[in-house]
Amino acid sequence: MNNSAVNTGRVLWAGLRALLVLTVITGVLYPLAVTGVAQAAFPGKANGSEVQDASGKVVGSELIGQRYDLPLKEGEETPAPDLRWFQPRPSNGLGTNTVNGRYELILSGATNRSGDNGDLIRWVKDAKAAVVKDNSTASYTVRPSDIPADAVTSSGSGLDPHISPAYAKLQVHRVAEKNHLTVAQVDRLVADHTDDRILGFIGEPRVNVLQLNIALKGLTSS
């Protein structure tokens, strides 16, 4: 056997050994170590920030929004919102659920429309009219000037699980009427589930819609 073949064999064997060692280190040991640390230090976040209902059943993630719609009727392209529940921000990327029991992620992304885009303007106007119609009750009328931006626009990802306290409070009268509760009861529910700015100065106050609706379900059940 000539020296060229021997040297080639040594190089190939060295490369194979390096591949095996690096595969074990980076493909097995490192992922196991990271997973172990994450499970020990941050089990909730490591497992997807799962949210459980009162029975202990996982009904979603606190990081991903959900829709609350009525069953799709024949001839409908888009299901109507179930007005018993607090509604999230508009989005075509959210999946559907049956009272928090089922969720299917479809897509994530913004509309990528400019502020003067005709489609975006029409969507916002339609959303504003729907907010006024859906949330006005016999004793409470929603004024267009009271509607916050997050009630008629989607987030950058389209999957924002939060709404502003202003949008949550705008829905209080409708939710109270549909569930035969007092406005004070529902208003207190919103206040109890409003999260302040992170560290007191980062971001804005927000309400997680899934957690709020779980609490609403518990209130109506009791």
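Readers should treat all values here as calculations from the given coordinates under stated rules, not as data from a laboratory. Since this is a predicted model, take the numbers as computed values, not measurements. With ideal geometry, Cβ positions are generated from the backbone for all residues, glycine too; neighbour counts draw on all protein chains shown.
Odds and ends about this structure:
- Taking the number of Cβ atoms within 10 Å of each Cβ as an exposure proxy, the fewest-first ranking of TRP13, TRP85, TRP123 is TRP13, TRP123, TRP85.
- Contact order for the range 167-222, expressed relative to its length and based on alpha carbon pairs under 8 Å spaced 6+ residues apart, stands at 28 percent.
- Residue-wise HN-Hα coupling along the range 217-222, computed from phi with Karplus coefficients 6.51, -1.76, 1.60 (Hz; x: Gly, Pro): 4, x, 5, 5, 5, 7
- Using θ = phi - 60° in the Karplus curve 6.51 cos²θ - 1.76 cosθ + 1.60, the 3J(HN,Hα) couplings for the range 19-32 round to 4, 5, 5, 5, 5, 5, 5, 8, x, 10, 5, 5, x, 5 Hz; x is entered for Gly and Pro.
- With θ taken as phi - 60° and the Karplus curve 6.51 cos²θ - 1.76 cosθ + 1.60 applied, the whole-hertz 3J(HN,Hα) list for the range 179-186 is 9, 6, 10, 7, 4, 4, 4, 6 Hz, x standing for glycine and proline.
- Amide H within-cut-off set for THR137, under 5 Å, with H built and near neighbours excluded: VAL142
- Mean separation of Cα contacts under 8 Å, 6 or more apart, over the residue count of the chain: relative contact order %: 18 percent
- The chain: calculated mean residue ellipticity at 222 nm from DSSP helix runs of at least 4, using -39500 (n - 2.57): -12500 deg cm²/dmol
- Cross-link check: pairs LYS125/LYS217; LYS57/LYS133; LYS57/LYS178 evaluated at a Cα-Cα cut-off of 27 Å; pairs beyond the cut-off: LYS125/LYS217; LYS57/LYS133.
- Cut-off under 5 Å, modelled amide H: who pairs with GLY60 long-range: VAL51
- The range 107-222: relative contact order in percent, alpha carbon pairs under 8 Å with at least 6 residues between: 22 percent
- Spread of Cα-to-Cα distances over 5 Å intervals beginning at zero, given as percent, for the range 3-43: 5, 23, 13, 13, 11, 9, 9, 6, 5, 3, 2, 0
- Checking every one of the trypsin sites (Lys or Arg not before Pro) in the range 123-163 against DSSP loop status and a limit of 15 other Cβ atoms within 10 Å picks out no site at all.
- Nearest-ten-degree value, helix 118-135 long axis tilted from longest Cα axis of the chain: 50 degrees
- Neighbour net charge for THR78 - beta-carbon separation under 12 angstrom, K R +1, D E -1: -2
- Longest exposed-site-free window of the chain, the sites being GluC sites (Glu not before Pro) in a DSSP loop that have at most 14 other C-beta atoms within 10 Å: 105-222
- Cα centroid separation, the range 76-90 to the range 144-163 (Å): 14 Å
- Put simply, the amide H of TYR68, placed in the peptide plane, has neighbours under 5 Å in ASP82, leaving out anything fewer than 5 places away on its chain.
- The Cα atoms of the range 49-221 give a gyration tensor whose axes a ≥ b ≥ c have a/c under 1.5, which makes the shape rounded.
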